[in-house]
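The values are calculated or read from the model by the stated rules, or taken from the named source; none is laboratory data. Everything quoted here is computed from the prediction, not taken from an experiment. With ideal geometry, Cβ positions are generated from the backbone for all residues, glycine too; neighbour counts draw on all protein chains shown. SASA here: full protein model, heavy atoms, side chains in, ligands and nucleic acids out. Shrake-Rupley method; radii C 1.70, N 1.55, O 1.52, S 1.80 Å.
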Amino acid sequence: MNQARAEILSGIRAALQSTPRLPLPATTRIAPRATGDADAEISRLLSEIEKLGGVTRRIANRDELPIALEELVAKESIQKATWWDTPELRALGVAEMLTALGVTSVPPDASPRTLAECDLGVTGADAALPETGTLVLRSSREQPQLVSLLPRVHLAILRPDARRADLQDVFAEIKSGKRAVLITGPSRTTDIEKVLTIGVHGPKALYVWCLETPFA
Amino acid sequence: MPIPHIDFRANTQRVSPHLIAATQKSTRTALAKRAQAIEIVGEDQWQALRQAGHDIKLHALTHLDEYLPMVEARVTQAGGVVHWARDDVEARRIVLEIAAQHRVKRIVKSKSMATEEIELNRALQDAGIAVFETDLGEYIVQLAGQRPSHPTAPALHLTKEDIAALFRAKLGVDAPPDPQTLCEIARGKLREEFLSADMGISGGNFLIAETGTLVIVTNEGNGRMCTALPPVHVAIVGIEKVIPDWEGLAVMLKLLARSGTGQKITAYTNLITPGGEEGPREFHLVLLDNGRSRMLQDEIARETLACIRCGACANICPVYNHVGGFAYGAIFLGPIGAIVAPQLLGVKVAGDLPFASSLCGACGDVCPVKIPIPNILLHLRHRVVEGDQFASATVSPILGVGARVGTTALGTPWLYRLGARMMRLFQASFRRGDWLPTLPPPLDRWTMARPFPAFRSDFRAWWRRR
Ligand code: SF4
């Protein structure tokens, strides 16, 4: 193995010997988009997600959240759910609301097989990009990646201050971390006769709810 | 096993009309969506992004000897294992050893050109391991025992009826020819494989040197499944995939999906730095050379390595659109295939491919990282004709002469213009509708297989109107 390493590297060095080493471009901040105010940006985010087949909603206040959850549970026939155990979702009382609706709770650190049987996975979002309709989810013990991957329906609840102007801002924040995923719309494919089909491997439905500020 | 010579012309005669129709339909849609996506960004900004993308890749390629050890150090620090593979034999051996250590029986794979290049599946199957391709198109192609026909849409050559019949035969399920239902069936089958696999294998779209992060983009979510669920993840990545930093990644991601499918960004972008609280217990990174460091030696052809595999050059190529992907005889398709294959497989095997081009220039114009594909095609024609330092030329004398004449003419603007004008006059008597049914010898080598697009000096204008 060490010999392979040495040979590959010396091969590269020899190949580059008489060649100019090209510089790194001075700037990568190309085409920063003109961003609007918070409201316009959130509208843009949600409309981009809708265009991709996601379902979005603005939640005005605490009273609306249980109503929205009830509608979701009915519409998607949710029986089992799992969620991130974050301070944010705890403070919102998502777990209690779902339990009150008769949904069985599955711990997020359950086996993949058990998580795959969940109808719903609820997460937050660490950041969002209105330009592309992208959610940024970092993974950690509190924020297991499988919650947004295995259940049939993924619900992400975020606050308006999650919005970022550009991918560069997102990357500056997350590059020091470990695993993360950018999610843009539900799982999709056009592999059979170029017909768009939603939900091939990941969640079949993506719900994104944005809490209004102040949220009371 | 040595790869047999790729006879491009003979290959074009074995193509189903469905493939050609499907190819043209799909490429047209992709290009229309691409144009929209670029319009939103703005032409000037798009050009600036392309330039940045090109410069970042060329910078990385001319500093590979620095960035690869950086990747190695970061990944190792984070608890991952880095392997170096000089060629396909070594790469296969490394993966087989890891599989043996963990007594692996079932593997899920996400679409990767590098693993196809090293024919990994066959080696694993020979070792008694079940391997499942999980990208829907790749899964279908694997079930059918075929090769992909398009870089980003592997099952393009099959109709929904073909796929339904295939599922009935191979999976023993009642499958109607309906994309949604077929997709549902594949989802069910592959879910089970994801959950029971003891190893996940992926390629990688980018490898970020500054943090040792592997980046995998997929629309279906199979990349996430393969890299998150099985206890062991092995990523096989060509050494040319290294980029310096996350800033560079942002540029690449802005280019990749827009150029390939016209999406603003791919549905899932997985950013995997090993050693977090989450994910597989073990992470292995196989850095694959397999001819790449040799490709670096050629200052002109080297830019081939900047490719981010968006597929746009195939989409826009008039030749690809009329012969389909199989004609390229290998896993490298379209204009990029025509320049990669001779360099990787040697001109003995793939020396025909640089000639499978009308040199209209569209591929170079469309490439999101500004790879001068037409120049490289010409350059490789020279290498084929003059004999390659790595494999002797096998090209026929007729094509050889054509290559020389073509090169001289393009290198001299007035001669090129004269040539273009004469070509049109010369065509007038042969032309029928938009396509030339046949050309006089020696060019009939071409039209014997497929109607050849009428030569136009303003190809791109024609393309937009088509
Ligand atoms: S050569 Fe350029 S256009 Fe072709 S696939 Fe690669 S990046 Fe895309």
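Could you please find all residues in segment A:20-48 being at the interface with chain B (Cβ under 8 Å from one of its Cβ atoms) and among the acidic types (D, E)? A:E48, the sole residue that qualifies. Inside segment A:166-203, residues that are touching a residue at least 12 places away in the same chain (Cβ under 8 Å) and among the hydroxyl-bearing types (S, T, Y) make up a count of 2.
In this entry, B:L143 passes the filter for residues that are farther than 23 Å from B:R309 by Cα and either open to solvent by 40 Å² or more (accessible area, probe 1.4 Å) or at pLDDT below 95 (or both). Every listed requirement among (1) out of contact with any Gly (no Cβ under 9 Å at 6 or more places or on another chain); (2) crowded, with 17+ Cβ neighbours inside 10 Å is met by B:R168 save one, (2).
For A:L206, the conditions (1) buried (at least 23 other Cβ atoms within 10 Å of the Cβ); (2) within 14 Å of another protein chain (Cβ to nearest Cβ); (3) in contact with a Ser or Thr (Cβ under 8 Å, 6 or more places away or on another chain); (4) touching a residue at least 24 places away in the same chain (Cβ under 8 Å) are fulfilled apart from (3). Scanning segment B:42-53 for residues that are open to solvent by 30 Å² or more (accessible area, probe 1.4 Å) and within 9 Å of another protein chain (Cβ to nearest Cβ) yields a total of 4.
As a summary of the residue check, B:G275 satisfies the conditions (1) crowded, with 20+ Cβ neighbours inside 10 Å; (2) over 15 Å from the mean Cα position of the chain (by Cα); (3) more than 16 Å from the ligand (Cβ to nearest atom) except for the one numbered (1). Among the residues making up segment A:1-19, those that are assigned to a loop (DSSP other than H, G, I, E, B) and more than 7 Å from chain B (Cβ to nearest Cβ) are A:Q17, A:S18. Taking the conditions exactly as written (among the polar types (S, T, N, Q), within 9 Å of chain A (Cβ to nearest Cβ) and open to solvent by less than 30 Å² (accessible area, probe 1.4 Å)), does B:T23 satisfy them or not? Criteria not met by B:T23.
The set of residues in segment B:54-67 that are facing chain A (nearest Cβ under 7 Å) and touching a residue at least 24 places away in the same chain (Cβ under 8 Å) comprises B:I56, B:L58, B:H59, B:H63, B:L64. Here B:Q36 fulfils each of the conditions (1) crowded, with 20+ Cβ neighbours inside 10 Å; (2) more than 10 Å from chain A (Cβ to nearest Cβ) apart from (1). Taking segment B:68-93 as the range and being touching a residue at least 12 places away in the same chain (Cβ under 8 Å), at the interface with chain A (Cβ under 10 Å from one of its Cβ atoms) and of a type outside the set (A, V, I, L, M, F, W, C) as the test, the residues that pass are B:E72, B:H83, B:R86, B:D87.
Within segment B:259-286, residues that are in the same structural domain as B:G42 (by TED's automatic domain parsing) sit with their Cβ atoms under 7 Å from residues that are basic (K, R) and within 16 Å of the ligand (Cβ to nearest atom), at 6+ positions apart or across chains, in these pairs: B:S259/B:R34; B:T261/B:K33; B:G262/B:K33; B:G262/B:R34; B:K264/B:R258. On the basis of being crowded, with 24+ Cβ neighbours inside 10 Å, more than 11 Å from the ligand (Cβ to nearest atom) and at pLDDT below 95, does B:G329 make the cut? Considered against the rule, which asks whether it is crowded, with 24+ Cβ neighbours inside 10 Å, more than 11 Å from the ligand (Cβ to nearest atom) and at pLDDT below 95, B:G329 comes out as yes. When segment B:305-326 is limited to residues that are more than 13 Å from the ligand (Cβ to nearest atom) and touching a strand residue (DSSP E or B) at 6+ places or on another chain (Cβ under 9 Å), the one that is most open to solvent (accessible area, probe 1.4 Å) turns out to be B:H322. Residue under question is B:D289, and the condition is that it be touching a residue at least 12 places away in the same chain (Cβ under 8 Å), more than 10 Å from the ligand (Cβ to nearest atom) and in contact with a Gly (Cβ under 9 Å, 6 or more places away or on another chain); does it hold? So B:D289 fits the description; yes.
Of all residues in segment B:300-319, one or more are modelled with pLDDT of 90 or more and either in contact with a Lys or Arg (Cβ under 6 Å, 6 or more places away or on another chain) or closer than 30 Å to A:P112 by Cα (or both). Cβ-Cβ distances below 7 Å connect the following pairs, each with a first residue in segment B:295-320 that is more than 14 Å from chain A (Cβ to nearest Cβ), a second residue that is more than 13 Å from the ligand (Cβ to nearest atom) and assigned to a loop (DSSP other than H, G, I, E, B), and a separation of six or more residues or different chains: B:P318/B:S358; B:P318/B:C360; B:V319/B:A356; B:V319/B:S358.
Assess whether A:G177 counts as being within 27 Å of A:V73 (Cα to Cα), open to solvent by less than 20 Å² (accessible area, probe 1.4 Å) and either at the interface with chain B (Cβ under 10 Å from one of its Cβ atoms) or more than 16 Å from the chain's Cα centre (by Cα) (or both). No, not satisfied. Of all residues in segment B:341-365, those that are within 16 Å of the ligand (Cβ to nearest atom), in a helix (DSSP H, G or I) and open to solvent by 10 Å² or more (accessible area, probe 1.4 Å) total 4.
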